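Accompanying notes for the structure given below.
The values are calculated or read from the model by the stated rules, or taken from the named source; none is laboratory data. Remember, predicted model here, so these are calculated numbers, not experimental data. As a convention, Cβ positions derive from the backbone with ideal geometry for all residues, glycine included, and neighbour counts pool all protein chains shown.
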Amino acid sequence: MKIAMVLDDSIDRPDGVQQYVLTLGAFLERAGHEVHYVCSDASREDVTVHSLARNVGVTFNGNGLRIPLPTSRAVLRDFLERERYDVIHVQIPHSPLFASRVVDEARRVQARTVRIVGTFHILPDGVVSEYGTRLLGRWQQRNLRRFDAFCAVSAPAAEFAARAFGIAARVIPCSIDTSVFADARVEPLTDGRLRVAFLGRLVERKGVLELIDALAALPGDVRDRLDVRIGGKGPLLDDAQAAVAARALTDVVTFDGFVAEEDKPGFYAAADVAVFPATGGESFGIVLIEAMASGAGVVLGGANPGYLSVLGDRPEVSVEPADTTAFAAALERLIRDESLRADLHAEQAERVQQFDVAVVGEQILELYAPSAP
C-alpha cells in the first residue's frame, strides 16, 4: 500500500503526534508499504516528506502548538492526483485549513478508491480546551463524514472523541519500538543512593513543581538517599530552579536540560523511580511506556485518565500530584520498599509489551482494511 500520514504540524518537531506517526510509519515500511508524511514545513530527509503548508504558533490544551495557514485546494488536488494514495491517515483534531482540505480533495480526486482513517489524540485539560474542541468538532462534521474509520489512542480519548466530535473510534494505543529502548545500559550509582528521574516539558501540567514540593515533604533520611534528575526545558525552568533552592534541595536535584532522543533510553534506565506527575490533558502516555521499555525500576505517573490507561489499576504506580502529602508518601513507599519496586518492575516490563509497535501496527493495518468498521 501507499500510505500518507497527514498532520497539520511539522514532522520535525519532537512531540507526541510526531512520535506516533514516525514509529508507526517505520513499522509500515518494514512491512513492505510505502509511507509518505504530508505536513507543514519540514527539513528532515530520512523519510519521504511533502511540506504543503506554513504554520503559526498558538497555545492550546496546555501546549505550545503550531497551526497551518490556509493551503490552496488546487495545489492539494494536483498533489493527490499525482500521488494516488491507497490510505490517507489523518491525525485528529485536524485543521480545516490543511488536513481537512487534504481529505476533501482526496475524495474529489479518488472518490471511494482511497481509504481515509483518523487517529484521535487529545483529552482537554480544562473547560476552555474542551469547549474549543467541541466547536471544532461541530465545524468539521461534513469533513468527518468523508472518513472511513477512526481510532483513538486510549479509552478516555475515544470517549472524548464521541462527546466532542460525534465519532465512534476504536481504541488502538500509541506505540513504541520496544527494541530501541531495551538495550539501554547504565552504570549504577556506587554511593548507595537511589535515582529519581523526571523527563518532560517544564510546563504547568507536566507537574515538575509538584514533584519538587513532594521531594521537600519527604523525611530527611529518605531525601538524603536520593539523586534526582530533572530532564527537559520550558518556561517553568527558572521557577523550578528557584523552588529547589528555596527548599534546600540543591544537593539532591540536578537539572539536566534537554535530553536528546538517542539519550532517552539511558536516562530512563538509570532511574530506580521514573516520575511523570502530569496533572491532566494527557490522552495517553508515551513517556511512560518509553521508561518501562528502557528498564526503569518503577514508573510512577499522575492519576489522570490518559496515564491510567497505560499504568493500570495498581495504586502504587499513580498519584494525584497536587496532593503533596500523598505524593510524598507514594515516593517514600517506593524508595523504602525494594521488594515492592521489584514486583512492580516485573509487572510493568510485561505490561509494556502490549504497546510494542509490532502489536499495535497489526491493529492499524486492520483499520486500513476495506472491511474494517
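One residue stands out in segment 31-60 among those that are at pLDDT 95 or above and assigned to a loop (DSSP other than H, G, I, E, B): the one that is surrounded by the fewest Cβ atoms within 10 Å (Cβ to Cβ), namely 32. Only one of the numbered conditions (1) of a type outside the set (Val, Ile, Thr); (2) in contact (Cβ under 8 Å) with a residue 60 or more places away in the chain; (3) buried (at least 20 other Cβ atoms within 10 Å of the Cβ) is not met by residue 232, and that is (2). Restricting attention to segment 317-373, the residues that are charged (D, E, K, R), within 19 Å of residue 196 (Cα to Cα) and touching a helix residue (DSSP H, G or I) at 6+ places or on another chain (Cβ under 8 Å) add up to 5.
Of the strands (runs of 3 or more DSSP E) that lie entirely inside segment 217-279, those containing 2 or more residues that are in the same structural domain as residue 302 (by TED's automatic domain parsing) and farther than 15 Å from residue 331 by Cα span 226-231, 253-257.
Taking the conditions (1) in a loop (DSSP other than H, G, I, E, B); (2) in contact (Cβ under 8 Å) with a residue 40 or more places away in the chain in turn, residue 112 satisfies each one other than (2).
In the condition set (1) modelled with pLDDT under 95; (2) buried (at least 24 other Cβ atoms within 10 Å of the Cβ), residue 263 is compliant with all but (2).
Listed here are the residues, each with its yes/no results for (1) closer than 18 Å to residue 283 by Cα; (2) surrounded by 16 or more Cβ atoms within 10 Å (Cβ to Cβ); (3) outside the structural domain of residue 216 (by TED's automatic domain parsing); (4) touching a Ser or Thr at 6+ places or on another chain (Cβ under 9 Å).
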| position | (1), (2), (3), (4) |
| --- | --- |
| 307 | yes, yes, no, yes |
| 311 | yes, yes, no, yes |
| 336 | no, no, no, no |
| 344 | no, yes, no, no |
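Screening 129, 154 for residues that are modelled with pLDDT of 95 or more and either in contact with a Leu (Cβ under 7 Å, 6 or more places away or on another chain) or not assigned by TED's automatic domain parsing to the domain that holds residue 297 (or both) leaves exactly one candidate, 154.
Let's see how each residue does on (1) assigned to a loop (DSSP other than H, G, I, E, B); (2) at pLDDT below 95; (3) not assigned by TED's automatic domain parsing to the domain that holds residue 122:
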| site | (1), (2), (3) |
| --- | --- |
| 9 | yes, yes, no |
| 26 | no, no, no |
| 29 | no, no, no |
| 66 | no, yes, no |
| 80 | no, no, no |
